[in-house]
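Some notes on the structure that comes next.
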There are 2 protein chains.
Amino acid sequence: MRILSILLFLGITFFSYSQELKSPNGDFKLVFELENRVPTYELFLGEQHIIKKSKLGFELKDQEALLENFEQLSVATATEDNSWEPVWGEQKSIRNHYNEMLVALNQTTTNRKMNIRFRLFDDGLGFRYEFPSQDELTYFVIQEEKTQFAMAGDHTAFWIPGDYDTQEYDYTTSKLSEIPGLMQTAITPNASQSPLSVPGVQTALMLKTANGIYINLHEAALVEYPCMHLQLDANNYVFESHLTPDALGNKGYMQAPRNTPWRTVIASKNAGDILLSNITLNLNEPSKYADTSWIKPVKYIGVWWEMITGKSSWAYTDIPSVKLGETDFTSLPPNGKHAANTKKVKEYIDFAATHGFEQVLVEGWNQGWEDWFGKSKDFVFDFLTPYPDFDVVALREYGKSKGVRLMMHHETSGSVRNYERFMDDAYQFMEDNNYNAVKSGYVGDIIPRGEHHYGQWMVNHYLYAVEKAAAHKVMVNAHEAVRPTGLSRTYPNLIGNESARGTEYEAFGGNKPDHTTILPFTRLVGGPMDYTPGIFEPDVSQYNPNNNSWVNTTIARQLALYVTMYSPLQMAADLPETYNKHLDAFQFIKDVALDWDKTLVLEAEPGDFITYARKEKGSNNWFVGRTNDEEARLSTINFNFLDKDKTYIATIYSDAKNAHYKKNPKAYNIKKFRVTHKSKLKQPCAPGGGYAISIIEATQKQDLKGLKRL
Amino acid sequence: MRILSILLFLGITFFSYSQELKSPNGDFKLVFELENRVPTYELFLGEQHIIKKSKLGFELKDQEALLENFEQLSVATATEDNSWEPVWGEQKSIRNHYNEMLVALNQTTTNRKMNIRFRLFDDGLGFRYEFPSQDELTYFVIQEEKTQFAMAGDHTAFWIPGDYDTQEYDYTTSKLSEIPGLMQTAITPNASQSPLSVPGVQTALMLKTANGIYINLHEAALVEYPCMHLQLDANNYVFESHLTPDALGNKGYMQAPRNTPWRTVIASKNAGDILLSNITLNLNEPSKYADTSWIKPVKYIGVWWEMITGKSSWAYTDIPSVKLGETDFTSLPPNGKHAANTKKVKEYIDFAATHGFEQVLVEGWNQGWEDWFGKSKDFVFDFLTPYPDFDVVALREYGKSKGVRLMMHHETSGSVRNYERFMDDAYQFMEDNNYNAVKSGYVGDIIPRGEHHYGQWMVNHYLYAVEKAAAHKVMVNAHEAVRPTGLSRTYPNLIGNESARGTEYEAFGGNKPDHTTILPFTRLVGGPMDYTPGIFEPDVSQYNPNNNSWVNTTIARQLALYVTMYSPLQMAADLPETYNKHLDAFQFIKDVALDWDKTLVLEAEPGDFITYARKEKGSNNWFVGRTNDEEARLSTINFNFLDKDKTYIATIYSDAKNAHYKKNPKAYNIKKFRVTHKSKLKQPCAPGGGYAISIIEATQKQDLKGLKRL
């Protein structure tokens, strides 16, 4: 259903226009105004100013800016209300309900046209710039986008530093006014990083106002455009868009007709509404693929954590430099620590088969790891040639015999020309060898040199890889790529991304204990994260005596992450030998679903805690997860989301008394209860802890025998 | 035959070393000296200083320079004398005869090793740097190569401005001291250009000393390294290497073991020796291809000059902007000037078949020409999709029926990521449609932006394309690519390059009349040029009334260029309708060979005239060509190169009396004579003129009837 109305203002010159748009439920009000011929907008939630009057426009290269001297040509409004079903997701069906206003502008001094399209949903705003086909503006280069987001006060922000190459930072929680002073500390080392030269932060940015409004700023449908950061005027609490530059310092190469990505403002009095918002997905286009039957959520293990901790190595030898196609690895002494060897991978396949995992990721299988990043090495990886101790065919056949696939790994070291040169053959190699999912990586500085991970060049590349992969029915999980903006709706084989500080950092010095209470409010607003949870051995030195890192979590919370960190791709990241010591807790990882009919937020406060309940797709089973910050907290939930006519068995995996992420992380309890929609739970959570619950419909009476009611 | 001797200086510290090397004939002497621990070299021809004492070394990024504090570890000498046969070329067999000296150096302050290998031939010097495998130097970035070429006087130079993106400049002839003052004038506009910020010129650079020594500076085997320019200290007549930077200003990304390209100094008292030198080829590696049977010289015509002159268009429509894959060309009005249409191409095929041309180049066949350069447009061309009026299959079949192939055209507009993404499919498309040669183009600024046509990134790309093409048995003729450095020896499917100001500029305002008397001394030192001669209508306005350009040549000289501008790829560039008016002169283009057993220079003076005689491969036929500058000159040659026991018919295509490149360019005479090895010719050449001679063995007496002796 689409209701359209157009108001035309032709040939009349006004000096100030003001247009209002309300959200379908009337809670939000958007005001667009040409103030002294400068386009501005502001956003209200009820009486609250979410965005104060903020300017819109662009600086262009070698031509007059698109910032002022505008007249309004027309305003068109429309209403949309429909629903759609994602290929995979947190909800079976997603409602797309908004009121729209398209403001057509003309810059009188140049006769160039620029339109702004606003979509106001019941949970927030999306808007984008549209450059229609016109004689006066066809090819142009954006020097900077000048979209403002003026905050109404000195809000609390959950932020990471703006950077053209990495999002792998711990979150800092502070007032807006404190951000500049805290920036230096927040910028921790990374294999590739280019912090903004001005104080700035990344999106999705989570904010909370003094009077309890939650605000989230992000973007949707980032295609053929640089990723946006938010530069901060900390005196006036005004954010302004700051695009990622290319090697020449230019920001965006445009050819009209073309639209920018959407800029999004989600806001609510309830933190949980931010987590449940579908604005990002709704502002993306429907799936481009006619057939999506080959796209399926995946639960996997991997030859991975042992390299991350330093117990094993990706490289086959210890020589410092190799030349692909010239170095004869069969003649070199192996270093004895190379994990991606046939024998070990078979053991992983056995473990996967025993416990019902579909795939085994193997990193370090292909030649090139000896000098894989930090060398600006162009031909750094060969995506077809294994090390001598990795037998592709034998493992393919062994996997087939066990019903387990290997998951491909394509580390590029940022050398994307090299990757693209191999891409067709590399995906064909996957098809030939029974792989259907690839984890790609972009560690290190980008080659072509001077380009950035989040610039237009790379934004184009990531999507090119996803579309190429689709032609081979391959699912993609890109690490170190640009943060997602809901593109998995359009390209549902993009089943995962990293684009934030994941579990690996627990072996690189640790993540902050509240990290996973923030990520769903920030990174996950754009799409799922391959966070790789499931670490059962927090003491990393148990694997590598030279690594004193500590995983800041209890085991119970690790289980919760499979529910709180939504992803259709879930890894059990720890070593099989460790899971074998805790098979009771491991049972939750085996049981938990990957795809959902329904998602509820039971409790949420960014930086403190999040409790989700999710109903498994096509079943009556529910799973609950709770992630906690560094404080001991009591979680109070009730089970009124359950079907009234059903009885369930709830298995609660919780922190034991005295559990503590530093002092006693492995102390957990597992208890079973009989639950119905009337059940309630008061569950203590340890510092750095949490809990997980599986809620399985009791279809046989005897299943309930001896179980207490909750 | 390789004779090797090694002198070792171990553990001894000297403050000055001096090593001498002589050429096999003893004419050249090279002196290497560590002067105050700084590596230097000088070169003598007899008593003449060709290169005065000149420094060697590098500035590196983020580490100590490799310029001083060296000790000599060892000197190894060797002699090589062998011969090899090129797949195609100016000679059937090429002798590779040199004395070699390898100086192994150690920088005492850093313990880094750098070797310098000198090869001294009877016609000049080649030397390169070699970085052996070592712990102290593996990955490094060259900030600048600091190789000096100190001239012994204020020589006359035939030069074009140093530029990272184009060589398409007219030559300036001046003293070295005059170069800085003339630079501004010499830098004429180009679609992509980045002149050096310091006074500098390009190689191959041709020089002549006051006492009549000819010197040529160039490089050989440019692989995975930036192209070298020569920066000039015009007060001291010292050239210094200036490498093409990347987007970050870096010059070369190196991984030891690795060698630089060779730096070459060819010198002689005879200008012709410069033209006949094989140093550039000899310093390249032998062919990498086991099977070269698919590589064959090609004589072709093309749907080309009518676009160059502006008579026709590459683009199918006149709309200013298209989006490939979105724009529906079948629904757009054709501009009526699109030359690459099925009907016209069939006519070209007919003409080719009638006159024995193997191929017809067709430019403008594929979608994207509407906005093809100057827009920094990434997805600018589709290399698979023809315009609606170009029927690939019909033309393939029509060509087959006539024994004529189409020649593929891949204009990239410098957007090389886009080209590489298409490359596999584009070459496969060629195989599928009976193409075996491609003319590629790189007009406009390079994308990735900030990279240059002559930087390491692009040097890598050009070779990647050649090797990819070889896998499809495709021959490559790359325009706007880096100037050749003899790589066609190693990759003989690189059958052509432009990389200089070709005939097209005759329709863009004209080339200087002496242009083709210089190119063989400069551009052609590195390899053949697709100069596209054969223009019979010097008045461009005859094709396009809006184009007042004038081709600065007589028709007779156009014929000579097929001999003087060596190339295994020769085009007859003018329109069939024009050739049909001059079929008598056109006969020479039909007759002239493409591949040679023997090449002689009969007369030569850079900037004034060149006369070549070449013997056709596998036949007794000879062809002579003479190109003249803007002055009327008398050419005097004798035919003592002919077999003593044979009689030949010489057909002389010469300027008519009163011919003149401006006033009377079309006036030519064609005369036949009986010639033997005793014959002599005194042939006047018009200003901007020249002549061509075909010398065919008379196998039947009656062929000679009525022919005068010469």
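Every number here is computed from the coordinates shown, using simple stated rules; none is lab data. If you're wondering where the values come from, they're calculated on a predicted model, not measured in any experiment. Backbone-built Cβ (ideal geometry, glycine too); neighbour counts: all protein chains shown.
Label-point distances for A:S321 to the equivalent site in the other copies, using a point 7 angstrom along Cα→C-beta, read 4.8 nm when ranked shortest first. Across segment A:477-598, the mean sequence separation of Cα contacts (distance under 8 Å, 6 or more residues apart), normalised by length, yields a relative contact order of 25 percent. Considering only DSSP states other than H, G, I, E and B, which trypsin sites (Lys or Arg not before Pro) in segment A:541-647 qualify as loop sites with at most 16 other Cβ atoms within 10 Å? Answer by residue number: A:K581, A:K644, A:K646. Between B:S541 and B:S293, full extension at 0.36 nm per residue minus the direct alpha carbon distance yields a gain of 85.0 nm. Once the convex hull of all Cα atoms in segment A:260-345 is built, its volume per residue stands at 287 Å³. With all pairs of separate Cα atoms included, segment B:298-591 yields a Kirkwood hydrodynamic radius of 19.3 Å.
Note: segment A:519-612, Cα convex hull, 112 Å³ per residue. Here each label is just a point 7 Å from Cα along the line to Cβ, and for B:N580 and B:E326 those points are 4.4 nm apart. Computing Rg and the Kirkwood Rh from the Cα coordinates of chain A gives a ratio, Rg/Rh, of 0.97. If you find the alpha carbon centre of segment B:241-281 and of segment A:60-116, how far apart are they in angstrom? Value for the Cα centre distance between the two parts: 55 Å. The mean sequence distance of close C-alpha pairs (under 8 Å, at least 6 residues apart), as a share of the length of segment B:3-282, puts its relative contact order at 17 percent.
Between the C-alpha center of segment B:529-601 and that of segment B:486-502 there is a gap of 20 Å.
Counting neighbouring Cβ atoms within 10 Å and putting the fewest first, the residues B:W457, B:W159, A:W550 line up as A:W550, B:W457, B:W159.
Under a model in which nothing but the beta-carbon of Lys, Arg (+1) and Asp, Glu (-1) is charged, the protein assembly as shown shows a dipole of about 2060 debye around its Cα centre. Distance between the pseudo-spin-label points of B:S174 and B:T354 (7 Å out from Cα toward the beta carbon): 4.9 nm. What's the angle, to the nearest 10 degrees (0 to 90), between helix A:342-355's Cα axis and the longest principal axis of chain A? Computed tilt is about 80 degrees. Distance from the C-alpha centroid of segment B:320-369 to that of segment A:694-710: 75 Å, rounded to the whole angstrom.
In terms of overall dimensions, the protein assembly as shown has a Cα radius of gyration and Dmax of 36.4, 124 angstrom. Among A:E224, A:E136, sorting on how many other beta-carbon atoms sit within 10 Å of each Cβ, with the fewest leading, yields A:E136, A:E224.
For segment B:323-394, GluC sites (Glu not before Pro) are listed when DSSP marks them as loop and at most 15 other Cβ atoms sit within 10 Å of their Cβ; the list is B:E326.
If you take all other residues with their beta carbon under 13 Å from the beta carbon of A:D389, and give Lys and Arg +1 and Asp and Glu -1, the sum is +3.
If R0 equals 45 Å, the separation of the Cβ atoms of B:N620 and A:D424 corresponds to a calculated FRET efficiency of about 0.35. Its Cα centre serving as origin, chain B has a Cβ charge dipole (Lys and Arg +1, Asp and Glu -1) of approximately 2660 debye. Taking only Cα atoms, what is the 0 to 90° angle, nearest 10, from helix A:416-432's long axis to the longest principal axis of chain A? In chain A, helix A:416-432 runs at an angle near 50 degrees to the longest axis. Put simply, the Cα atoms of segment B:506-557 extend 38, 21, 17 Å along their principal axes, the longest span coming first. Amide H contacts under 5 Å for B:T385: B:Q367, restricted to partners 5 or more places along the chain or on a different chain, H placed in the peptide plane at 1.01 Å from N. Summarising the amide proton neighbourhood of A:A65: residues at separation of 5 or more, or on other chains, whose placed amide H is nearer than 5 Å comprise A:L60.
On a per residue basis, the convex hull of the C-alpha atoms belonging to segment A:3-282 measures out at 140 Å³.
B:N25 label point (Cα plus 7 Å toward Cβ) to equivalent points in the other copies: 9.4 nm, shortest first. Against chain A, whose longest principal axis is taken from its Cα atoms, helix A:456-471 shows a tilt of about 60°. Charges were assigned to the Cβ only: +1 to each Lys and Arg, -1 to each Asp and Glu. The resulting dipole of segment A:3-282 about its Cα centre is roughly 340 debye.
Other residues with beta-carbon under 13 Å from the beta-carbon of B:P195 carry, at +1 per Lys or Arg and -1 per Asp or Glu, a net charge of -3. Once C-alpha pairs closer than 8 Å and six or more residues apart are averaged by separation and normalised to the residue number of chain B, the relative contact order reads 11 percent.
Rounded is the label for segment A:185-314, because the ratio a/c of its alpha-carbon gyration tensor axes (a ≥ b ≥ c) stays below 1.5. With the label put 7 angstrom out from Cα along the Cα-to-Cβ vector, A:S177 ends up 7.1 nm from the copy partners, going from closest to farthest. Across segment A:552-563, rounded Karplus estimates of 3J(HN,Hα) from the backbone phi angles (6.51 cos²θ - 1.76 cosθ + 1.60, θ = phi - 60°) give 7, 6, 8, 5, 4, 5, 4, 5, 4, 4, 5, 9 Hz, Gly and Pro being marked x. Using a cut-off of 22 Å between Cα atoms, the listed pairs A:K581/A:K657; B:K512/B:K598; A:K29/A:K52; B:K299/B:K400; A:K468/B:K251; B:K299/B:K473 include B:K512/B:K598; A:K468/B:K251 as exceeding that distance. Compute the signed sum of charges (Lys and Arg +1, Asp and Glu -1) over the other residues within less than 13 Å, Cβ to Cβ, of B:R37. Overall, the nearby charge balance is -3. By other beta-carbon atoms within 10 Å, ranking B:L21, B:L275 with the fewest at the front produces B:L21, B:L275.
Would you calculate a helix-derived [θ] at 222 nm for chain B, using -39,500 (n - 2.57) for each DSSP H run of n ≥ 4 and dividing by the full residue count, to the nearest 500? Computed ellipticity for chain B at 222 nm equals -4000 deg cm²/dmol.
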